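Asker: The structure follows.
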Amino acid sequence: MSTARVRATAFPKLTLSLRVLGRRPDGFHDLEALVVSLGQPHDVLEAYAVPAPGGVQLELGPSNTNDDIPSDHRNLAFVAAEKLMVRAGRSGHGVRLVLRKRIPAGAGLGGGSADAAAALLAVRRLLEMDIDDEGVREVAAEVGSDVPFCLRGGAAWMRGRGEIIEPIDLTRGLAFVVAIPPFRLATPDVYAAWDALGGPVAERSVPAPRRVAGLVPDLANDLEPAAEAVEPRLVEFRAALEAAVGGRPALLAGSGSAYVVPVHDARQLPDLVREVSQRLRVPVVGTTSVSRGVRLDR
Ligand code: C5P
């Protein structure tokens with residue numbers, strides 16, 4: 001027996017603090033990161049059970065991003081669904097995934113990882129698989145460093161290469177302006193630049209919102225100097241963004257390229273978003289932190 005369709009909403013992740021501790025023998029980097037899920041922009045993934053062909057098909061639905069998103073093994077949602085089906089002994093079943101992207105690619109918001117987490121939970125429910133949360137977490141860690149966090153979402157410390165999650169109690173509703181520059185960054189390039197620069201630490205920091213200050217006094221991102229080395233236009237973009245929000249400081253999201261501005265009062269978001277989009281002419285969203293990474297609806 002299986003359900004005909006499952007719909008999942010995949011929420012982006014924002015790294016509030018990112019410390020890169022060093023390069024590991026396997027080429028990944030050990031991290032200590034404070035991360036939260038954001039409510040916007042989010043992706044929607046629908047999973048359908050199809051009689052034939054067996055295996056996974058992925059289709060991209062209408063989207064408001066112009067990104068060139070692959071629909072094969074280069075897409076983490078595809079990989080996640082396939083790995084889960086193999087693990088559950090269900091690879092002969094037919095699953096069609098339809099993904100509507102809103103989270104920009106190459107922005108450091110974990111969109112691909114969020115889609116993978118959504119695919120895992122949606123396909124498990126679609127095929128009513130006999131696989132527990134721990135099993136799903138193991139598959140998530142194989143798919144990518146950020147997928148275990150996205151599976152759970154909310155707020156957490158991420159350690160190891162990202163797969164060690166320590167959930168924290170951080171009230172949701174932290175407010176941010178998220179601005180997307182007209183260029184993208186590839187995570188492996190940014191980590192390679194971090195290595196080439198000799199493992200720099202963040203040169204700037206942003207005062208933590210009051211509710212975060214007990215966890216980290218300042219928000220800083222060790223990948224920022226590396227991201228700026230890969231894409232020097234980030235410096236000018238950040239300066240323009242900070243000027244547009246009345247001098248509030250901005251934080252690089254993950255490995256970039258998005259910048260976010262923490263805002264103390266969510267009621268200020270609509271005015272700030274209007275100001276930034278008028279001045280910078282780029283996609284901008286006002287959003288708050290949410291308590292989960294994926295929402296499943298039948
Ligand atoms: O795990 P994932 O495949 O998402 O990582 C993408 C790339 O980001 C890796 O190939 C690696 O270059 C870099 N990375 C890293 N250390 C991490 C996470 C990612 O070096 N902890």
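The values are calculated or read from the model by the stated rules, or taken from the named source; none is laboratory data. Bear in mind the structure is a predicted one, so any value in this text is a computation, not a measurement. Positions of Cβ are generated from backbone atoms using ideal geometry, with glycine treated the same way; all protein chains shown enter the neighbour counts.
Asker: Taking strands (runs of 3 or more DSSP E) that fall entirely within region 138-197, which contain at least 2 residues that are small (G, A, S) and away from the ligand (no atom under 14 Å from the Cβ)?
Answerer: Where strands (runs of 3 or more DSSP E) fall fully within region 138-197 and carry at least 2 residues being small (G, A, S) and away from the ligand (no atom under 14 Å from the Cβ), they are 155-160, 175-179.
Asker: Considering region 248-287 alone, what residues qualify as being of a type in the set (S, T, N, Q) and within 23 Å of V147 (Cβ to Cβ)?
Answerer: Scanning region 248-287 gives S255, S257, T287.
Asker: So which pairs qualify, if the first residue must be in region 129-147 and over 16 Å from A47 (Cβ atoms), the second must be within 13 Å of the ligand (Cβ to nearest atom) and of a type in the set (D, E, K, R), the Cβ gap must be under 6 Å, and the two must be at least 6 apart or on different chains?
Answerer: Partner pairs satisfying both residue conditions: A141/E163; S145/R161.
Asker: How many residues, within region 270-298, are of a type outside the set (D, E, K, R), surrounded by fewer than 18 Cβ atoms within 10 Å (Cβ to Cβ) and either under 20 Å from V6 (Cβ atoms) or more than 19 Å from the chain's Cα centre (by Cα) (or both)?
Answerer: Looking only at that region, the number is 5.
Asker: Test G54 against the criterion of being under 30 Å from G173 (Cβ atoms) and not hydrophobic (A, V, I, L, M, F, W, C), and give yes or no.
Answerer: For G54, the condition - under 30 Å from G173 (Cβ atoms) and not hydrophobic (A, V, I, L, M, F, W, C) - is not met.
Results for (1) under 27 Å from V261 (Cα atoms); (2) of a type in the set (G, A, S), shown as yes or no for each residue.
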site	(1), (2)
S113	yes, yes
A117	yes, yes
R125	no, no
C150	yes, no
G154	yes, yes
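Asker: Filter region 244-264 for residues that are farther than 28 Å from W194 by Cβ and at pLDDT 95 or above; which is surrounded by the fewest Cβ atoms within 10 Å (Cβ to Cβ)?
Answerer: It comes out as G247.
Asker: Restricting the search to region 64-116, which residues are buried (at least 21 other Cβ atoms within 10 Å of the Cβ) and more than 16 Å from the ligand (Cβ to nearest atom)?
Answerer: A81, L84, M85, V95, L97, L99, K101, P104
Asker: Identify, please: which residue in region 17-32 is under 26 Å from P262 (Cα atoms) and touching a helix residue (DSSP H, G or I) at 6+ places or on another chain (Cβ under 9 Å) and is, among those, nearest to the ligand (Cβ to nearest atom)?
Answerer: V20
Asker: Being of a type in the set (S, T, Y) and either crowded, with 21+ Cβ neighbours inside 10 Å or at pLDDT below 95 (or both) is the filter; apply it to region 16-59 and report the residue that is farthest from L269 (Cα to Cα).
Answerer: Per the stated criteria, the residue is S17.
Asker: Still on this structure, please answer the following. Can you confirm whether W194 is surrounded by fewer than 20 Cβ atoms within 10 Å (Cβ to Cβ) and of a type in the set (F, W, Y)?
Answerer: In short, no.
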